[in-house]
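Q: Can you keep this structure in mind? I'll have questions shortly.
Taken together, the values in this text are just the output of simple stated rules run on the coordinates, not laboratory data. None of the values given here were measured: they were computed from a predicted structure. Cβ atoms come from the backbone with ideal geometry, glycine included; neighbour counts cover every protein chain shown.
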């Protein structure tokens, strides 16, 4: 205490100390302050440019346009007022990372006397990082004189929901120092707002009501007809809110939006009765035994790794009476931000019915199931420690019981108070709202119009029956107007549409070019352009063409007119302000790794590798019944990037990829032909046009008849020969050198309730060269077969001939052990060379350049020899197809610099396909781009997992509490129905709803281990596989239809036509139970219907040639309806 008073008594500097002490709360005895308010105002902040990598510094582009548009700065700033301080970056070059660091000296006082802090903040667009970065920290020297950084808000814990949050944490502060703020973003704008910062000597008493009073989410007005009945839960209390707070603080070091004090009264305008001493909380007792030791197939492990029972511990409260809503106070003791599989650490979101559910039981009929609605977050989430939640009830039935289901192992949701709304006025009426389903309006067919193109001055006017378009060539190139003739009043596109060129920090619009020549040949125009910007010597040639097809064709080539190399990144075409009726109704369709089909505002930009393997996108409006598709028709494997976004307007573009855009003097870069497709209907029109083009160019991936067996399998089991992971149960016994085939096939069948249709083996070779779970040799020599060649052959023969299960073997094409024969022979020259000049090697491994001819020859021969020696029916290629990031920059490998990974993929997969018998299936880890998909039989996919953004990141979208659950879509599966998408639920939680999407999208399962599904999820997977096998003709259909119309808002459906029958899968994306009509389908005389998911006959409502099917579906639940037609 004395050292702080001594500091203050020195009064150096006087003003700083005065401000510091003015914010202190002192005890009555005048001792050390209990807390201090750290001043947060705009003064004194310094940018620390030296701490930011040059490539990450926010910069505003110099825009060359007509007239010139100068940068509107700054690109980063600190603004606001005391206790409302905003740090911001505005740099519209996402997805590139931009970073800024600010510091401000703290007043001259010894900080180490405070052991706690209380910080309020709001954030949006803060980039995650694999490095342990801090958004807010105190940096200085500890009492020992050593440098000390104390995190207050790690980047991994930042909630990017654009809402205010309060964080209390335990800290060890330096004796003196500075406050440091670091903001990084991959969005157009990143924001971190600080409201208040207090340093504390002890954890404060935090009121529950205050924790729930988010200032950006004011309490809802209480309806006049609401009537509250507060329940007394005191007989069930077994814990306290204070104890829960202390446990969470001790365990995690921080508490988010927490409370330690509960008092009766109003919380967000609602009365609650809370308990006093000695308890005021109902805490569930965790009952599962995941850590119980077990022995399975001769291996000692824990129950967690062998059919875990899962958790479903409940808090149940008996009720009695009718109510329209149940409102309750809940304490959430869940993990804060931390590690995520494959992605940078970040907050944990448990907005899944598999983690938490409210069940309302009635005196009659089925219960209502719902995920709790958070009043403070205005959505369905439960991340706050202290929160007020609502579940809608059926006022026409008597409530018998409220049940809170806890399904998260190691975490708890506890109940503090419960109040019934027994009135007729609902606090959250949207919970029972039943909005009309999406209906795509039928736009009137326009009057036929002959294709035409004419010049009027410096304008080109062109069109056909689908559209009219005006191109302005008076200065450069700009698309002035594009009219969809299905809705001619919608005259879209902004003045800046057409093209953009990025060179360093300069941006040239199409109007920064001079028109040198304009020629017309029939219905095709050629425009020659030259840059008017000094230092950017670039010539462009743009071709625009129309014919009687409902499309406009565009093409661009660029030539370096200067004496030096330049790297122009070209966006062409660029469509700004795409107008399809009301912006809010516009749907972005972007078939990236996890397909986007959404009305939400966001931005996406991806390279056309596994992240975006197809060549189309679309903006449509179902309310108006029109859309605009953008398709490229590239058969030359050109590296490109595709972008789409929606904010104040909608936009789409295609862009050259920077590493492949370098132009030597006189060199030409040619962009592929692009098609603009104005259409009626929604995005299905563009996807249908894309599939028709694939068929025309022979790229639709139709399988050879010899491999049809692969197209009809759904249940794959994966087995390792060694306990390479903690969860592994090896199929091979090294003591006896025998493979335990019979035991494992029996166990597999018992586990999934269906027999495996494919067994995939890892570790069949290089048993002694296992590293980190991979068996890495590189030779694949017969002498290295696990257990010896005879034992391995016998195991494969047993599977394929006795059990009639085809076998697949694991192989990897991008690495080898340095001590292998091929590694020793080729040495370091085999390694890939990265863009920064570093060489691909790590410890005992070489990471090889797959384009290097000697390695590729070796690998192809190894695959061919393996199949010949062992007779397997399938071979798997790991880490393939290669992404753009796998480009090699070696000048000694004989390939272009950089190598084009798509060309490498084509060369390798085509050679492998030609080397193998036609009945042998080749499959890979990642999807191949559309021009290479014809050579592959299938691939693994991870699109339905929460870490899908590892492949395809979302930008410019707040991570707000959802209104509905995400529906995972995979357009690639529907565009290439013959290419099997094996869903590997790697990194998924055993309670998660992610396991539902393989069935929803009619995809097979890559099933490894015995613990990926717990409790009800295992039953779900068993049911799904049984139905897929029963209706294999449907789920292996050559013409599946994604996202067909349903009769319920946010109930989604896919259609799978089979032989004389059709299956529809359904998924309820709402967080509440729905019932009633869900599906209307064409009816054929004599057709019968079955609720296949629940195993019961259906009696649909028939009206003429349609049948309307009614179902009851719980939140995030699956359904399956099958129509059987008479022959």
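Q: For the range 619-738, just say rounded, prolate or oblate: build the C-alpha gyration tensor, square-root its eigenvalues into a ≥ b ≥ c, call rounded for a/c under 1.5, and beyond that prolate if a/b exceeds b/c, oblate if not.
A: Judged from the Cα gyration tensor, the range 619-738 comes out prolate (a/c at least 1.5, a/b above b/c).
Q: Follow-up. Once all Cα-Cα distances of the chain are split into 20 Å bins that start at 0, what whole-number percent is in each one?
A: 11, 36, 39, 14, 1
Q: If you don't mind, another one. List the residues of the range 89-103 whose backbone N lies under 18 Å from a point placed 7 Å from the Cα of residue 835 along the Cα-to-Cβ direction.
A: So the set is 93-99.
Q: Using the basic label-point model (7 angstrom from Cα toward the beta carbon), what is the residue 821 to residue 287 distance in nanometres?
A: If labels sit at residue 821 and residue 287, their model points lie 6.0 nm apart.
Q: Label residue 585 and residue 105 with points 7 Å out from Cα along Cα→Cβ: what is the distance between them in nm?
A: Reported label-point gap for residue 585 and residue 105 is 6.1 nm.
Q: Provide the packing ranking of 782-788, 207-213, i.e. peptides ordered by the mean count of other C-beta atoms within 10 Å per residue, highest first.
A: Numbers: 782-788: 16.9, 207-213: 20.3.
Per-residue Cβ counts within 10 Å, averaged per peptide and sorted highest first, yield 207-213, 782-788.
Q: Let me ask something additional. Using a Förster radius of 30 Å, what is the FRET efficiency between residue 530 and residue 62 based on their Cβ-Cβ separation? Nearest 0.05, please. All intermediate terms of the calculation are to be shown ahead of the outcome.
A: On the way: r = 19 Å, r/R0 = 0.63.
For R0 = 30 Å, the calculated efficiency reads 0.95.
Q: Could I ask something else about it? Please compute the modelled spin-label separation between residue 224 and residue 706, points set 7 Å along Cα→Cβ, answer in nm with one decimal.
A: Result: 8.0 nm between the two label points.
Q: Gain in length, residue 162 to residue 1108, computed as 0.36 nm per residue apart minus the alpha-carbon separation, to one decimal in nm? It would help to have the intermediate numbers written out before the result.
A: On the way: separation 946, 0.36 × 946 = 340.56 nm, distance 4.19 nm.
This chain segment gains 336.4 nm when fully extended.
Q: Answer rounded, prolate or oblate for the range 915-994, using the Cα gyration tensor with square roots of eigenvalues a ≥ b ≥ c: rounded when a/c is under 1.5, else prolate when a/b is larger than b/c, else oblate.
A: Numbers: a/c = 2.77, a/b = 2.06, b/c = 1.35.
Prolate, since a/c reaches 1.5 and a/b exceeds b/c.
Q: Shifting gears a bit: So if each residue of separation counts as 0.36 nm, and I subtract the Cα-Cα distance between residue 205 and residue 600, what length gain in nm does that give?
A: 138.2 nm
Q: Here's something else I'd like to know. Which residues in the range 297-319 have a backbone N closer than 20 Å to a point placed 7 Å from the Cα of residue 735 along the Cα-to-Cβ line?
A: Taking a point 7 Å out along Cα→Cβ of residue 735, the residues of the range 297-319 whose backbone N falls under 20 Å are 297-302.
Q: Apply 1/(1 + (r/R0)^6) to the Cβ-Cβ distance of residue 633 and residue 459, taking R0 = 25 Å, and write down the FRET efficiency to the nearest 0.05.
A: Numbers: r = 27 Å, r/R0 = 1.07.
Step by step, r from the Cβ atoms, then E = 0.40.
Q: Can I ask one more? Hey, can you rank 978-991, 947-960, 619-632 by average C-beta count inside 10 Å, highest first?
A: Values: 978-991: 22.0, 947-960: 18.9, 619-632: 24.6.
Ranking, from highest mean packing down: 619-632, 978-991, 947-960.
Q: What is the range 764-911 by shape, rounded, prolate or oblate, if you read a ≥ b ≥ c off the alpha carbon gyration tensor as root eigenvalues and call it rounded for a/c under 1.5, prolate for a/b larger than b/c, and oblate otherwise? Walk me through the intermediate numbers first.
A: Values: a/c = 2.47, a/b = 1.78, b/c = 1.39.
It comes out prolate by the Cα gyration axes.
Q: Calculate how many DSSP beta bridges within the chain are antiparallel, expressed in % of all such bridges and rounded to the nearest 5.
A: Numbers: 248 of 281 bridges.
If we restrict to bridges inside the chain, about 90 percent are antiparallel.
Q: Name all residues of the range 310-332 having a backbone nitrogen under 19 Å from the label point set 7 Å from the Cα of residue 363 along its Cα→Cβ direction, giving them as ranges.
A: Residues passing the 19 Å test: 317-326.
Q: Also, I was wondering about something else. Say R0 is 41 Å: what FRET efficiency, to the nearest 0.05, do residue 790 and residue 1094 get from their beta-carbon distance? Intermediate values should be presented prior to the final figure.
A: Values: r = 49 Å, r/R0 = 1.20.
E between residue 790 and residue 1094, to the nearest 0.05, is 0.25.
Q: By how many nm would the segment from residue 84 to residue 403 grow when fully extended, if each residue of separation counts as 0.36 nm and the alpha-carbon distance is taken off?
A: On the way: separation 319, 0.36 × 319 = 114.84 nm, distance 4.08 nm.
So the extension gain works out to 110.8 nm.
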